[in-house]
Structures are given as C-alpha cells and as structure tokens.
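Q: Sharing a structure with you now.
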Amino acid sequence: MKNYQLELRQIVDYPRCRIYREFIQTLIADRGIRTGGCSGLFYYTVLCSYVNFRTSYRRIDGISYTVYPGEWVCSITDIAEWFRVRFHYQAFAILKSLQDRQLITFTRLGRGHIVKFSITDWRLNNTALDYNCPCQKDSGFFFIPVSTATELISAGRASEMDALLDLWISAIYKDQQVRGSEIGPVAYFRNGTGNPLVNYSELSARWGISRSSVGRLLKKLADFDYLSLLTFPGRSGTVIYLKNYLSTMFQISDVMIDKEEVAMCLNLRVSVPDTTPPEASTISDEQISVSTGLSSVSKPHMLYFVRKVLRTLEAQGISCLSCPKSKYMLYPLSDDCTVGIEKGTISAGLAICCGAGSPLYRFELSITPSAEVEGVCDHGKKEV
C-alpha cells in the first residue's frame, strides 16, 4: 500500500475562498466588531451562509415553501437580526443594494414579512446536490469567489466586519509565490508582487477609510485576537497574519508567529542588541561551532543569528533540531559561492550533523550589516 502525504495550502491562483458557517455565526454573535459599512461584504457573506446546497422544504406560519439550492426563505426579522440592524426597512435597503449589484435576488412574501432570497451564480461556485434533505446552517462550508469579495470591498466604505472578512478571504498559506506564507496564513491582496508587506495608505484606499481609522481598526482586531500585526520600521510596512485561521480552515493547530522569523523571510533588517542575553533554547553553545573564518562578526552575534535561523527551520518541520545529539557548523563559503553578493555581505554555510557524522542538511546564509543596525537574511536551501 502506498503512503500519501497530505499538504494543506491556500494559494493565490485558487479563485475561491472556503468560508465555514460556524465562523460566520461567530462573527454575527461578536458585538464588539461593528457592522454598518456600505461595501456589503459582510451582509453578502451572511446570506451565503444560510442558502441551501440541496432542495428542502420550510414551513412558516402554516405555509410550506420549497427552497432550492442557492435559496433560503425566512422572516425579515431574522435577516435584521443577522445584519444587526434595528428596523425592517434597513434590512430591505441592504437586500436591495445587493440586488442592484446583481449579487442576489429576493422576493417579499406574506405581506412583506417573509423574504425568499437567492444567490446569483451560486451553482458556479458551489455544488448543488440533487436529492432533497434539510440543510444545516451552523456547520459545513461554502465558497465565495475572491473576485466578488474584491468587488464588494471596493464598492464603498468598509465596516470593521467587512475589513475583517477581507483579510480572511485574502489570506494565503504555503504558496511559494507569496513570501512569508510558509510561516503562517498571511494577508496578501494579490497585487502581483508576492510581497505581503502593506502600508496604511494602501489599506485606507482599499477600505475607504482614513489612515488613522485603519491603524485603530487593526489594533482592535489584534486585541480581539483575530490577527497578528507585525509592523517594521521605516517605510517597510506591515505584515498581517490571521489567527485561528488554520484551526478553522484545516482543523490543524495554529502556529506562533515570530517577528524576526518573518523579517528574515522578507529580507528585512533584524536588530541585534549590543549584548545578547541567553535565550530559552534547547540548543546549547557547545552544539554550535563557528569557524574562525567568520571573525568579522562577533561570536555572540553569530550564535544569535544561528539560533534565529534554526528556530525558523524547526518551525518548518526539521525534527533534528530538537535532538541534543545534533551539531551545527557555521563556516565561510568559497569565493565561487559569493559571486554576485553585494559588498559587505558575509556568505556562510550552515551544516546540520548528527553527532560526528556527515551533514544531514546544508543551508546558505547571507548576513548584511547596515549603517544603523546589523541584519540577517536567510536564503537557505536544502541541499539535494
């Protein structure tokens, strides 16, 4: 019997995003995140979470309604509660705005108190099942096209809930086209650069709110544990990682995001303190051997760099790094390996060995000091 390895990804080229109904129910119940924007992304997603995948029948006020795939029938009071508006006319206004954008159609029944709505092009993005069966509304998932979400978020001023959903739908995980996505699910707005760094001016234009409002919103979402916000100095920008994304989307454990690990992946400068205190690490100084050919950088700083790189590699699944028998050797590369490296950059090789045996892994590192602080960038590749 063959062995198979399952690899979970959320890639840029996939045109749809999977949304779990349970996640939407959590957002509806979270009164700390405000709705009320005019982009409509949250409202559209809520309606999608309630429609059927298969034909079912619903009885309201003694009348039985047939509900086909992509449709749902309910009272306007229910919709007002989902949308978190006080009056029925507000709920109808939101439905009409979505209908004007040709995203839904709806009909008022029972003297206007019952609404039957349908998601346009539902069958193009979600499987419609032939058999009849009641459809649960608090479990399972559905797909939203990324193009539709982008169209909605660009249509007007985004609410806090719209912005949160935009970040969630824009998350990329383990796609080589997007740097930093190997570490965790990162928000990337598909601008063709492959760089998830974004500044507040870009988010201000995308969400239709001021830069100061963007800053307050991101801090609020971080405080509410929806995301990890990593801001880098200067004009580098900000990287946004989604929390609880992996456990919700893939039912796997979420990962801790280390800022310096992200900086290395994005080739950003990493500040090194003048004195490097000992870290709570299972890797001892005796396990790390630094060649005298790398004397241009102090040994404490070299140990600091090596530990940061090894922490990154351990997060990527190299189990040897938790073994006390492992040895790590840092040595200068030959002149042939440094061709094309900018002046001042130190090129080094990192070998991971099992005791005194031959290397199991080899990586290439480049360390580039700057005028203000010393930095480190990892360009490691496993030797084939």
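Q: Ranked from the most accessible area to the least, with a 1.4 Å probe and all protein chains present, what is the order of His301, His113, His88?
A: Largest accessible area first, the residues go His113, His88, His301.
Q: For helix 299-315, what angle does its Cα long axis make with the longest principal axis of the chain, in degrees from 0 to 90 and rounded to 10?
A: Taking the Cα atoms of the chain, the angle to 299-315 is about 40 degrees.
Q: Of all the accessible heavy-atom surface of the chain, with the other protein chains kept in place and a 1.4 Å probe, what percent is carbon and sulfur?
A: 50
Q: Let me ask something else about it. Please check: in the Gaussian network model of the chain (C-alpha springs, under 10 Å), which one of Arg362, Arg59, Arg108 has the largest mean-square fluctuation.
A: Of Arg362, Arg59, Arg108, the Gaussian network model singles out Arg59 as fluctuating most.
Q: Using alpha carbons only, how many degrees (0 to 90, rounded to 10) separate the axis of helix 88-100 from the longest principal axis of the chain?
A: That helix lies at roughly 70 degrees to the long axis.
Q: May I ask you to derive the relative contact order of the chain, considering only C-alpha pairs under 8 Å and at least 6 residues apart, and to give it as an integer percent?
A: Relative contact order for the chain comes out at 13 percent.
Q: How high is the relative contact order of the range 144-227, in percent, with contacts defined as C-alpha pairs under 8 Å that are six or more residues apart?
A: 24
Q: Turning to a different aspect of this structure: Given q = 0.11, 0.14, 0.16, 0.19 Å⁻¹, what are the Debye log10 I(q)/I(0) values for the range 111-191, with equal point scatterers placed on the Cα positions and solvent ignored?
A: Log-scaled intensity ratios, in q order: -0.47, -0.72, -0.88, -1.08.
Q: Another one. Quick one: accessible area per residue over the range 175-247, 1.4 Å probe, rounded to a whole number of Å²?
A: 45
Q: Of (i) 27, 57, 16, 0; (ii) 23, 42, 24, 9, 1; (iii) 24, 45, 24, 7, 0, which one was derived for P(r) over Cα pairs in 20 Å bins from 0, in percent from the structure shown?
A: Recomputing P(r) over Cα pairs in 20 Å bins from 0, in percent here picks out (iii).
Q: Shifting gears a bit: So between Lys137 and Arg58, what do we pick up on full extension, going 0.36 nm a residue minus the alpha carbon distance?
A: Taking Lys137 through Arg58 to full extension adds about 27.1 nm, to one decimal.
Q: In this model, which of Lys174/Lys220; Lys219/Lys308; Lys259/Lys327; Lys219/Lys327; Lys243/Lys308; Lys137/Lys259 are farther than 30 Å apart at the alpha-carbon?
A: Going by Cα-Cα distance, Lys219/Lys327; Lys137/Lys259 fall outside the 30 Å limit.
Q: Say we join alpha carbon atoms closer than 10 Å with springs in a Gaussian network model of the chain; which of Met161, Met256, Met264 then has the biggest fluctuation?
A: Of Met161, Met256, Met264, the Gaussian network model singles out Met256 as fluctuating most.
Q: Please label the shape of the range 50-150 as rounded, prolate or oblate, based on the square roots a ≥ b ≥ c of the eigenvalues of the alpha-carbon gyration tensor (a/c under 1.5 means rounded; beyond that, a/b larger than b/c means prolate, else oblate).
A: Oblate.
Q: Treat every Asp and Glu Cβ in the range 124-268 as -1 and every Lys and Arg Cβ as +1, leave all other atoms uncharged, and give the resulting dipole magnitude about the Cα centre to the nearest 20 debye.
A: Its charge dipole is roughly 480 debye.
Q: Using 7 Å Cα-to-Cβ label points, what is the Ser201/Arg108 separation (nm, one decimal)?
A: Reported label-point gap for Ser201 and Arg108 is 4.7 nm.
Q: Can you grab the distance from the C-alpha centre of the range 242-263 to the C-alpha centre of the range 163-192, Å, no decimals?
A: A separation of 12 Å, based on Cα centres.
Q: Please say if the range 61-101 is rounded, prolate or oblate, where rounded means a/c under 1.5 for a ≥ b ≥ c the square roots of the C-alpha gyration tensor eigenvalues, and otherwise the choice is prolate for a/b larger than b/c and oblate otherwise?
A: Oblate.
Q: Shifting gears a bit: Rolling a 1.4 angstrom probe over the protein heavy atoms, how many square angstrom per residue are accessible across the range 23-125?
A: 48
Q: Can you list, largest first and rounded to whole Å, the semi-axes you get for the range 10-51 by taking the square root of 5 times each eigenvalue of its Cα gyration tensor?
A: After diagonalising the Cα gyration tensor, the semi-axes are 21, 13, 11 Å.
Q: So, in Å, what gap is there between the alpha-carbon centers of the range 133-160 and the range 6-65?
A: A separation of 6 Å, based on Cα centres.
Q: In terms of the Cα gyration tensor, with a ≥ b ≥ c the square roots of its eigenvalues, is the range 164-239 rounded because a/c is under 1.5, prolate because a/b exceeds b/c, or oblate?
A: The shape class here is prolate.
Q: Run lengths n ≥ 4 of DSSP H only: what is the helix-derived mean residue ellipticity at 222 nm for the chain, with -39500 (n - 2.57) per run over all residues, to the nearest 500?
A: It lands at -8500 deg cm²/dmol.
Q: Using a Gaussian network model of the chain whose springs link C-alpha atoms within less than 10 Å, name the residue from Asn199, Asn191, Asn244 with the highest mean-square fluctuation.
A: Checking each option, the largest mean-square fluctuation is seen for Asn191.
The values are calculated or read from the model by the stated rules, or taken from the named source; none is laboratory data. These figures come from a predicted structure and were not determined experimentally. We place every Cβ from the backbone using ideal geometry, glycine too, and count neighbours over all the protein chains shown. Areas reflect the complete protein model, heavy atoms only, side chains present, ligands, DNA and RNA absent. Shrake-Rupley method; radii C 1.70, N 1.55, O 1.52, S 1.80 Å.
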